[in-house]
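The values are calculated or read from the model by the stated rules, or taken from the named source; none is laboratory data. Keep in mind that this is a model prediction, so the values were computed, not measured. Note: ideal-geometry Cβ built from the backbone for every residue, glycine included; neighbour counts use all protein chains shown. Heavy atoms of the whole protein, side chains included, go into the accessibility calculation; ligands, DNA and RNA do not. Shrake-Rupley method; radii C 1.70, N 1.55, O 1.52, S 1.80 Å.
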Amino acid sequence: MIFVKTEEEIALMREPNAVVRDCLKFVGEKICAGMTTKEVDTLVYDFIKASGAEPSCLGYCGYPASACVSVNETVVHGIPDDRVLAEGDIVSVDLCAYKNGFHGDGARTFCIGEVSAEKRKLVKVTEECFFKAIEGLKEGTPLYDIGYKVQRHAESNGFSVIRAYTGHGIGREMHEDPSVPNFGRRGTGIRIKAGTVLCIEPMIAAGSYRVRILDDEWTAVTADGKPAAHYENTVVVREDGVEILTL
Ligand code: MF3
Ligand code: CO
């Protein structure tokens, strides 16, 4: 069931989403070679708490950290640990904050120092996929137009779209209906109502879209070991377009 939000609810959602926005920016300024993924998680935890919010991911279905920190071939749900970030890595940081009874959610992929041309293009195209997806998105848009646009942009650049994970609705719960795939057929799916709040999150792979889950039961890596990138914002669908809450 999709919970369409009232203006009052959307006003309440601005705060947790602003925390996510500011936290991602802060991490982008701090993240560097030599830092462990656990240190990145600590930055996120401290920032969210200092903002008067709660890290939604911590304890979610037993998840042990405040952020997902996914390096290179890790697509999503990388558990922070003692791994040291190195020049040439790409690192996606995905985090959620809870405040005012609502969640906010966003992700960015950062380049550590100089990265390969392929990785640089992958990170850029993944971000572009999000902006392609919201082009023309407004009340009445068929849901799967989002995925169609992500897929078209990713594949026309020689990349593939991860199938095993999708975007989602968000509100009082971190994951609400509808599921928002990053692939699909144009003109299909439910028509999106104004006031729907969605997390649109392209996850794009340089090679095959097949993933494998590690023994920790969280970490999703590409089956072929090629790099993947992730970019996510929480958006409100309006009568005439979208409002991005995490930018
Ligand atoms: N932020 C992720 C998303 O985009 C959810 C992370 S799963 C968690 O849906 F367990 F880490 F919380
Ligand atoms: Co999300």
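Place a label point 7 angstrom from the Cα of K124 along the Cα-to-Cβ direction, then list the residues of segment 70-97 whose backbone nitrogen is under 11 Å away.
Counting only backbone N, you get no residues.
If you put +1 on each Lys and Arg Cβ and -1 on each Asp and Glu Cβ, how big is the dipole of segment 111-184 around its Cα centre, in Debye rounded to 20?
About 240 debye.
State to the nearest 20 debye the size of the charge dipole of the chain about its Cα centre, where the only charges are +1 on K and R beta carbons and -1 on D and E beta carbons.
720
Where the centre of each part is set by its Cα atoms, how far does segment 1-50 sit from segment 129-158, in angstrom?
The distance from the Cα centre of segment 1-50 to that of segment 129-158 comes to 24 Å.
Go ahead and set up a Gaussian network model of the chain, Cα springs under 10 Å, then flag whichever of G147, G136, G169 fluctuates most.
G136
Scan around K5 for amide H atoms under 5 Å from its own, H built in the peptide plane at 1.01 Å from N, and keep only partners 5 or more places away or cross-chain.
Distant-sequence amide H within range of K5: T196, V197.
May I ask for log10 I(q)/I(0) of segment 110-191 at q = 0.11, 0.22 Å⁻¹, from a Debye sum over the Cα atoms as equal point scatterers with solvent left out?
Normalising to I(0) and taking log10 leaves -0.34, -1.04.
Take the Cα coordinates of segment 11-76, assign each an equal point scatterer, and use the Debye formula without solvent to give log10 I(q)/I(0) at q = 0.19, 0.24 Å⁻¹.
Once normalised to I(0) and log-transformed, intensities are -0.78, -1.15.
Once phi is turned into θ = phi - 60°, what whole-Hz ³J(HN,Hα) does the Karplus curve with 6.51, -1.76 and 1.60 give for every residue of segment 6-13, x standing for Gly and Pro?
7, 4, 5, 5, 4, 4, 5, 6
Which of the GluC sites (Glu not before Pro) found in segment 101-133 are loop residues per DSSP with 12 or fewer other Cβ atoms within 10 Å of their Cβ?
Those satisfying the criteria are E114.
How would D105, D22, D240 rank on accessible area, largest to smallest, probe 1.4 Å?
Working: D105 5, D22 60, D240 130 Å².
Putting D105, D22, D240 in descending order of accessible area: D240, D22, D105.
For a quick check of your reading of the filter: which GluC sites (Glu not before Pro) in segment 1-93 sit in a DSSP loop and have no more than 12 other Cβ atoms within 10 Å? Don't skip to the end; give the middle numbers.
Values: sites: E7, E8, E9, E29, E39, E73, E87; in loops: E73, E87.
In loop regions of segment 1-93 (DSSP not H, G, I, E or B), the sparsely surrounded GluC sites (Glu not before Pro) are E87.
For the chain, what does -39500 (n - 2.57) per DSSP helix run (n ≥ 4), summed and divided by total residues, give at 222 nm, in deg cm²/dmol to the nearest 500?
That calculation yields -9000 deg cm²/dmol at 222 nm.
Taking a ≥ b ≥ c as the square roots of the Cα gyration tensor eigenvalues, with a/c under 1.5 meaning rounded and otherwise prolate when a/b beats b/c, else oblate, which class fits segment 31-160?
It is oblate, given that a/c is not under 1.5 and a/b is not larger than b/c.
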